[in-house]
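The values are calculated or read from the model by the stated rules, or taken from the named source; none is laboratory data. Treat the numbers as computed from the prediction; the structure is a model and nothing was measured. Note that each Cβ is placed from the backbone with ideal geometry, even for glycine, and that neighbours are counted across all protein chains shown. Keep in mind that these areas ignore ligands, DNA and RNA; they rest on the heavy atoms of the full protein, side chains included. Shrake-Rupley method; radii C 1.70, N 1.55, O 1.52, S 1.80 Å.
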Amino acid sequence: MNLEVREVVGHLADGVEYTFWTFGGTVPGSFIRIREGDVVEFHLNNHPSSKLPHNIDLHGVTGPGGGAASTFTAPGHSSQFTFQALNPGLFVYHCATAPVPMHIGNGMYGMILVEPKDGLPKVDKEYYVMQGEFYTTGKYGEEGMQSFDMAKAIDERPPYIVFNGAVGSLVGDKALGAKVGETVRIYFGVGGPNMTSSFHVIGEIFDKVYPEAGLSLANHNLQTTLVPAGGACVVEFKVDVPGTFVLVDHSLTRAFNKGALGMLKVTGAANRVIYSGKEIDAIYLGAQADAGSDSAKREAELKAKIAAEIKSNPAIAGLTKEMQIEKGKQVYMGLCFACHQPDGNGLPNIFPPLAKSDFLLADRDRAVRIVLKGLVGPLTVNGKKFDSAMPPQEAALTDQQVADVLTYIFNTWGNSGEAFTTDQVKAIRNQTH
Ligand SMILES: [Cu+2]
């Protein structure tokens, strides 16, 4: 077995860069698959471009440090040791170089599957998913290059909790897939370094779970399975109906506010006996995420266009606004749509409309204040009375995100208005009342 350690710059989220430390160039690291009883000659190669030494602790190895002591490897060096796989199971591996939580927190984890002597039962689709947290200096969504924040790690307050190393790594055209009637097996692990996972697939029931990934004992018909940090599980289920099934950590702010959300898209014929009616999940999540990822694509196109424009023509104001609208749409589809609805029409008597709202369009500063500080008490929008509460968003959103989402709602559903600036938002954020 040859495994190469590489320190690589990649995307943690849209517009957010991070220097990942990896086993094999990806987070999680390369999936290693062997059989019980195999004797493995293991080579850990640390790429010459690395800045630090690294090693590997494989939980499937019987021996001091799971191999860590034998594999401490400086940049541009290679270490070798040999082990025999005594126990079947799905095991996490990770770097164990000090400070260990930092090496894991930068992405140094993966899994090794030791199949039982006779192998695992056959399934149609197998997938590899790992959850891990990222302790960035910036808030969730703050753009630019981010680095590891040790204080946040010690306090266990990660801005990001994600599947497979990035927000959106398993959505849109990167979603997992299966056809109606197929059996799906997910090898699910938690790299951590700290958080456990309440792993759940919305709209599915796990026919079989190998709890904590011991492959000799299966549990049946489970909804959510708890996976420890540095641990794993294997889940299996048959997909019976088409649709989008959403993978989450059921500690749900992690899924909706920190990134621990993926998708399994199942195609094929509907079975109206098993499931009939409108697909609520697809509407409240799937369609929004698709809209979000479409809009991310459009944003990339616009960025390229702007770069081209800057070269030939300084008049780029129009494009900048268009880009703010696309970014704002992503904020809206992540945060506001649940109440104000994707079409901006709100819900009668509960959530006021933003589409053609006379109240919204009358006062731009007031709109900024409402998004930042929330709104409580009676108001009238387009002749209809509302008396409810909107939660303040100032802790969740940067000035740029507030400016973008307002630019979006002021230029969608028949509304029109100028772009909002971060200066405008900053001034109102700093007001005490
Ligand atoms: Cu390391």
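Just one residue in the set Val9, Val5, Val39 is among the β-branched types (Val, Ile, Thr) and open to solvent by less than 60 Å² (accessible area, probe 1.4 Å); that residue is Val5. In summary, Phe148 fulfils each of the numbered conditions (1) more than 16 Å from the ligand (Cβ to nearest atom); (2) more than 19 Å from Val239 (Cα to Cα); (3) in contact with a Phe, Trp or Tyr (Cβ under 8 Å, 6 or more places away or on another chain) with the single exception of condition (1). The numbered conditions (1) of a type outside the set (Asp, Glu); (2) within 11 Å of the ligand (Cβ to nearest atom); (3) more than 23 Å from the chain's Cα centre (by Cα); (4) open to solvent by less than 10 Å² (accessible area, probe 1.4 Å) are all true for Leu52 except (4).
The helices (runs of 4 or more DSSP H) found wholly in the stretch 349-433 and carrying at least 3 residues that are open to solvent by less than 20 Å² (accessible area, probe 1.4 Å) and modelled with pLDDT of 90 or more occupy 364-373, 399-409. Step by step: first the residues of the stretch 123-146, then only those that are touching a residue at least 40 places away in the same chain (Cβ under 8 Å) and in a loop (DSSP other than H, G, I, E, B), then the one that is most open to solvent (accessible area, probe 1.4 Å). Which residue is that? Restricting to residues being touching a residue at least 40 places away in the same chain (Cβ under 8 Å) and in a loop (DSSP other than H, G, I, E, B), the top hit is Glu143.
What are the residues in the stretch 26-36 that are away from the ligand (no atom under 16 Å from the Cβ) and open to solvent by 40 Å² or more (accessible area, probe 1.4 Å), if any? Once the filter is applied, which keeps residues that are away from the ligand (no atom under 16 Å from the Cβ) and open to solvent by 40 Å² or more (accessible area, probe 1.4 Å), the stretch 26-36 yields Phe31, Arg33, Arg35, Glu36. Among the residues of the stretch 194-216, not one is out of contact with any strand residue (DSSP E or B) (no Cβ under 7 Å at 6 or more places or on another chain) and of a type outside the set (Ser, Thr, Tyr). Can you confirm whether the stretch 63-76 contains a residue that is touching a helix residue (DSSP H, G or I) at 6+ places or on another chain (Cβ under 6 Å), under 24 Å from Gln131 (Cα atoms) and either charged (D, E, K, R) or in contact (Cβ under 8 Å) with a residue 12 or more places away in the chain (or both)? No, the stretch 63-76 has no match at all. Filtering the stretch 67-94 to residues that are within 14 Å of the ligand (Cβ to nearest atom) and not aliphatic (A, V, I, L, M) leaves Gly67, Thr71, Phe72, Thr73, Pro75, His77, Ser79, Tyr93, His94.
Quick one: what pairs do we get from the stretch 234-252, first residue surrounded by fewer than 21 Cβ atoms within 10 Å (Cβ to Cβ), second hydroxyl-bearing (Ser, Thr, Tyr), C-beta under 6 Å, 6+ apart or different chains? Final answer for the pair search is Lys238/Thr183; Val241/Tyr275; Pro242/Thr267; His250/Ser198; His250/Thr224; Ser251/Ser198. Find all pairs meeting these conditions: Cβ atoms under 6 angstrom apart; at least six residues apart or on different chains; first residue within the stretch 311-337 and modelled with pLDDT of 85 or more; second residue not aromatic (Phe, Trp, Tyr) and not in a helix (DSSP H, G or I). What qualifies is Lys321/Ala419; Gln324/Ala419; Ile325/Asn411.
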